Amino acid sequence: MTGAWRMTGAWLREHRALAGLVAAGALLRVGMMAAYYPAFGYFYDTRAYMDAASSGTPSPIWPFGYPAMLKVLGTTGHIASVSAVQHLMGLVMGVGIYALCTRRGVRRSWSALAAAPVLLDARQIQLEHYVLSETLFSFLLLTGVALLMWSRRPPLWLMGLSGLVFALVTLTRTVGQPIAALVVLYLIVRRVGWRRIALFTVSLVVPVVAYMVWYDRHYDAYALNSYTGRYLWQRTTTFVDCTRTDFTPQERQICPPEPLGHREVSDVYLWELDRDRIGARYPGPEHDWLFRHFALKAIREQPGDFAAAVATDAWHLVQPGWPAPARIACTTDLWTMPSGGRSGNQVSNCTATLMARGFQPAGSGGAAPTVTPLNSALWAYGQTVVMPPSALVLLALFALAATVRRRRGGGRRLRDREAADSVLLAVMSLSLLMLGVTLSVIDLRFLVPLLVTAPLAAVLAAHRLASRPTAPDAAPAPTGSPEPALSAEDTAASTRRVHTAGVETSRRKATGIPRSRTPRR
């Protein structure tokens, strides 16, 4: 037992930066469980997720990945099990980022920096306490990335497992579909081999197709959801000019009646919060085609206005100090620590609400947290330790820019493994941002997964710039200098070469074939 304690102490001393971050992150999460027991919820998405979990049927709005987790945890009878599991996921993500970085040769201090945002960011911890899918999505996304990047040439079984994980990413949030497509493109650039790409693709596609078949049994449509058309339609409501487009009479009924310049925020129309409730005129998933046709016509007729609307919202999302409209400010307030009268909200009555302790049906129970010294301290922490969206974007842009420069000592650019990994993570980060504002409204909740991808992309890119390339790009070491330590993969390859040479020598001796010699001149 003494030896185990010594080994543990030695490991903690060696990785003291990570140990300190995990301890601080765990303390914050325990504080959350004590101050805001059992969990935050009764947001619209929360009710829909719990309804789907209770009925065991897919939601027409979101895939069933997160309700499946709720259905499993529902057997405990306590909603606190959801927040506890999600807080544990947050700590595991921090350790996973650190482990992946050190595995890739990144110095321990840099690895700890990459893990710090997901361990300490107040918005990350706040979303872990919500009955919402962001934490599960981030956890699965990091798991899939780590499986692909753990080895220089992942074995086939690891490729298959990663494909299954990215299928779960897609079945947790719809934005996982383009992310999975990015990963397939990354594998092609990495040149991992057609068998690995094929196995990854099959492992990804089969579960998704099976889900679509199951969804068709309930909604008579092979899809992951029946709200894609509505999502795209609500994006066009802020700029569409119905006098310029050849809409059908039916399509004109879902055109916003307000004149341009006086429209509501786009998701007000999506969730039927406008005074005319135009989205309710054709309810149900069976009318999603109508909203999709409207949106595609509007985008074809006004492509510049569509691009400008998306770009403007993306800029507002990362713009420091942007004065958000009341609807967007209210949504943002839901992702800040509440503390009774000290909520600091921009809009009154927009604060996180506590759920009932049992796994109650959606809409029952719920209460505002009372003022205590503990949640007042957490509120103050939440006002300070939050990574700005602009910083996350800058990290992703740095990772992209770093791939343009040659690393020290020369070497290839995008074809090397480090550059491809950084580009994938950076493009993932920017894609998640743009998909969020394209299919929804300005919402800081959609940036939480970037706390996993953007810092990891930046640290891997910085490590690539600071390190010299490996063979064959690297120059030979000077005489008398110590040999660099071999990686596990290099050691295995060397062992295989020695074994092959030994087998060839034994074969020649057994058959009497002399060793070939080069004739002397």
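Tabulated results
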{"quantity": "Neighbours by Cβ (under 7 Å, 6+ apart or cross-chain): first from the range 427-450, among the charged types (D, E, K, R); second outside any helix (DSSP H, G or I) and surrounded by 19 or more Cβ atoms within 10 Å (Cβ to Cβ)", "calculated": "445/335"}
{"quantity": "When residues of the range 423-444 are limited to those that are over 15 Å from the mean Cα position of the chain (by Cα) and hydroxyl-bearing (Ser, Thr, Tyr), the one modelled with the highest pLDDT", "calculated": "438"}
{"quantity": "Identity of the residue in the range 351-366, closer than 17 Å to residue 52 by Cα and polar (S, T, N, Q), that ends up modelled with the highest pLDDT", "calculated": "360"}
{"quantity": "Of all residues in the range 152-163 being crowded, with 16+ Cβ neighbours inside 10 Å and in contact (Cβ under 8 Å) with a residue 24 or more places away in the chain, the one that is farthest from the chain's Cα centre (by Cα)", "calculated": "154"}
{"quantity": "Those residues of the range 36-87 which are touching a strand residue (DSSP E or B) at 6+ places or on another chain (Cβ under 6 Å) and on the phi < 0 side of the Ramachandran plot, in sequence order", "calculated": "40"}
{"quantity": "Residue, surrounded by the fewest Cβ atoms within 10 Å (Cβ to Cβ), within the range 46-77, restricted to residues that are within 21 Å of residue 270 (Cβ to Cβ) and out of contact with any helix residue (DSSP H, G or I) (no Cβ under 9 Å at 6 or more places or on another chain)", "calculated": "47"}
{"quantity": "Top-ranked residue in the range 445-477 [being among the small types (Gly, Ala, Ser) and at pLDDT 95 or above; ranked as surrounded by the most Cβ atoms within 10 Å (Cβ to Cβ)]", "calculated": "454"}
{"quantity": "The range 228-260: number of residues that are within 22 Å of residue 440 (Cβ to Cβ), assigned to a loop (DSSP other than H, G, I, E, B) and not polar (S, T, N, Q)", "calculated": "7"}
{"quantity": "Residue in the range 294-311 that is in contact with a Gly (Cβ under 7 Å, 6 or more places away or on another chain) and either among the aliphatic types (A, V, I, L, M) or touching a residue at least 24 places away in the same chain (Cβ under 8 Å) (or both) present", "calculated": "yes"}
{"quantity": "Of all residues making up the range 217-228, the number that are closer than 16 Å to residue 291 by Cβ and either surrounded by 20 or more Cβ atoms within 10 Å (Cβ to Cβ) or among the β-branched types (Val, Ile, Thr) (or both)", "calculated": "4"}
{"quantity": "Residues that are surrounded by 22 or more Cβ atoms within 10 Å (Cβ to Cβ) and modelled with pLDDT of 90 or more, drawn from the range 33-45", "calculated": "36, 39, 40"}
{"quantity": "Hits in the range 279-329 - residues which are out of contact with any helix residue (DSSP H, G or I) (no Cβ under 6 Å at 6 or more places or on another chain), over 17 Å from residue 447 (Cβ atoms) and aliphatic (A, V, I, L, M)", "calculated": "280, 290, 296, 307, 308, 309, 326"}
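Condition check ((1) surrounded by 16 or more Cβ atoms within 10 Å (Cβ to Cβ); (2) touching a residue at least 60 places away in the same chain (Cβ under 8 Å); (3) outside the structural domain of residue 440 (by TED's automatic domain parsing); (4) under 16 Å from the mean Cα position of the chain (by Cα)) across all residues:
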site: 168; (1), (2), (3), (4): yes, yes, yes, yes
site: 173; (1), (2), (3), (4): yes, yes, yes, yes
site: 181; (1), (2), (3), (4): no, no, yes, yes
site: 189; (1), (2), (3), (4): no, yes, yes, no
site: 196; (1), (2), (3), (4): yes, no, yes, no
site: 204; (1), (2), (3), (4): yes, no, yes, no
site: 210; (1), (2), (3), (4): no, no, yes, no
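The values are calculated or read from the model by the stated rules, or taken from the named source; none is laboratory data. Please read all numbers here as calculations on a predicted model, not as lab measurements. Note that we place each Cβ from the backbone using ideal geometry, even for glycine, and neighbour counts take in every protein chain shown.
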